[in-house]
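Report on the following structure.
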Amino acid sequence: MHGGNLAWAATLAGCPASAILDFSASISPLGPPKSALDAIQAHLSCLTAYPDPDYGELRAALGEALNVDPDWILPGNGSAELLTWAAWDLSKLEATYLVTPAFGDYWRALLAFGAKVLDCPLGLKSLGAGPGNGLVTDDLSVSNRSLVSPSLCLPVPLALDAGFRGLLLNNPHNPTGLLFGREAIRPYLEHLGLVVVDEAFMDFLPPEQQESLIDAVAEFPNLVILRSLTKFYSLPGLRLGCAIAHPDRLRRWQLQRDPWPVNALAAAAAAAVVRDVVFERQTWDWLPVARRELFEGLASLPGLQPFPGAANFLLVESSLSVSLIQQSLLESHRILIRDCLSFPELGDRFFRVAVRDRADNLWLIAGLAEVLSQ
């Protein structure tokens, strides 16, 4: 269901977990930022006291970074915790449309509360890796020239009773990397009872390229935005995320959940990194170049067809069993890729790889070339 299972990979590879080169979890290779480590060091004395239950300083920092009133922000123990509460609200509706292939945690959260799920497939097609080819969602082709979908094209009937139904999707989409234009989602905001958009990978795009709906939350009380603070800043072990939604909804979530979900060190690190404009610019300068080089390297290998993507990962179709490729990479090169077996629509002929630094990406391409030649 998740990438980054280094304990399992190390057992298969017969080596320590620290020796595994992990392409399975879409985490930035540039972090953690020094600002996060300095903040943790400076707040070690806070371990003897409970965190601020209202997370005032953290919400102020997030509000400044996201240009949102702090009352409209709720920090969480990773976006996964906040997804759980969003799923709780969705489960109260007649049904929830889920854009598939979908991150396994969406199924976990929705089914935990008995939500009725209506599958909305993107209509994924493999059309090759060249210009003009890529992902297709109904009548829309998404190529490496244009990664933004102006139309969502989901089989969601916007009838008069649509207000009793919800929609859950992520943007950019995982695992395809497809980026939906904000105007593509707006019609669903105007008709559905609740729309939850997981923007866990949105911050990998520079501001001028983002298609975030954060500034629409004040207009639509039925909109919830989820953000992760762990992928961009390479802090998955701290568990950091936030929700942006109407204060009434967030106050209700706060009353329902456990107290102090974000520990004091995580809160301090989060407040520091969202103000770290130097690290942001380093990431936005690094990613497009590294992603293009990785895409071209993968496309040059026989039997592999990578899809263009807007996030820090690439989806790849394989003519061979991915399970066998994954096992060979681990045993021969100590490289872990993310199989797509948890996505029923994809199965054993697709895998996903994170974009890492140039040396790591070249090592992956060399390892894949050797495995595929065998």
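What to note about this one:
- Total residues in the range 343-359, condition crowded, with 18+ Cβ neighbours inside 10 Å and not hydrophobic (A, V, I, L, M, F, W, C): 2
- Residue match in the range 20-34 (condition: of a type in the set (Gly, Ala, Ser) and part of a helix (DSSP H, G or I)): no
- One residue alone among 205, 226, 240 is farther than 23 Å from residue 81 by Cα and touching a residue at least 60 places away in the same chain (Cβ under 8 Å), and that residue is 205.
- Residue check, residue 59 touching a Pro at 6+ places or on another chain (Cβ under 9 Å) and either at pLDDT 95 or above or surrounded by 14 or more Cβ atoms within 10 Å (Cβ to Cβ) (or both): yes
- As for the range 148-166, it holds at least one residue that is part of a helix (DSSP H, G or I), among the hydrophobic types (A, V, I, L, M, F, W, C) and either at pLDDT below 95 or over 16 Å from the mean Cα position of the chain (by Cα) (or both).
- Any hit, the range 213-233, residues being of a type in the set (Val, Ile, Thr), modelled with pLDDT under 95 and crowded, with 18+ Cβ neighbours inside 10 Å: yes
- Filter result (outside any strand (DSSP E or B) and touching a residue at least 24 places away in the same chain (Cβ under 8 Å)) within the range 243-252: 245, 246, 247, 248, 249, 250
- Looking only at the range 82-97, residues that are closer than 11 Å to residue 228 by Cα and either in a strand (DSSP E or B) or at pLDDT below 95 (or both) come to 0 in all.
- Pair list, Cβ < 7 Å and 6+ apart or interchain, from the range 262-277 residues that are within 9 Å of residue 240 (Cβ to Cβ) and not assigned by TED's automatic domain parsing to the domain that holds residue 41 to residues that are among the hydrophobic types (A, V, I, L, M, F, W, C) and buried (at least 24 other Cβ atoms within 10 Å of the Cβ): none
- Restricting the range 8-27 to residues that are surrounded by 17 or more Cβ atoms within 10 Å (Cβ to Cβ) and not aliphatic (A, V, I, L, M), the residue that is farthest from residue 315 (Cα to Cα) is 22.
- The set of residues from the range 64-117 being in contact (Cβ under 8 Å) with a residue 40 or more places away in the chain and more than 25 Å from residue 262 (Cα to Cα) comprises 93, 94, 95, 96, 97, 98, 99, 100, 101, 102.
- Residue count for the range 320-342, restricted to those that are surrounded by 18 or more Cβ atoms within 10 Å (Cβ to Cβ) and out of contact with any helix residue (DSSP H, G or I) (no Cβ under 6 Å at 6 or more places or on another chain): 4.
- With respect to the conditions (1) in a helix (DSSP H, G or I); (2) assigned by TED's automatic domain parsing to the domain that holds residue 246; (3) touching a residue at least 12 places away in the same chain (Cβ under 8 Å), residue 12 lacks only one, and its number is (2).
Here is a yes/no grid of residues against (1) out of contact with any strand residue (DSSP E or B) (no Cβ under 9 Å at 6 or more places or on another chain); (2) within 29 Å of residue 358 (Cβ to Cβ); (3) exposed (fewer than 13 other Cβ atoms within 10 Å of the Cβ):
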| residue | (1), (2), (3) |
| --- | --- |
| 6 | no, yes, no |
| 29 | no, yes, no |
| 35 | yes, yes, no |
| 45 | yes, no, yes |
| 53 | yes, no, yes |
| 64 | yes, no, no |
| 67 | yes, no, yes |
| 74 | no, no, no |
| 77 | no, no, no |
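- Residues in the range 253-275 that are outside any helix (DSSP H, G or I) and surrounded by 20 or more Cβ atoms within 10 Å (Cβ to Cβ): 261, 262, 274.
- Set side by side, the residues 304, 287, 298, 315 differ, and just one is touching a Gly at 6+ places or on another chain (Cβ under 8 Å), crowded, with 16+ Cβ neighbours inside 10 Å, touching a residue at least 12 places away in the same chain (Cβ under 8 Å) and aliphatic (A, V, I, L, M), which is 315.
The values are calculated or read from the model by the stated rules, or taken from the named source; none is laboratory data. All figures in this text were calculated on a predicted structure; none of them were measured in a lab. Because the Cβ atoms are built from the backbone with ideal geometry, glycine has one as well, and the counts that use them run over all protein chains shown.
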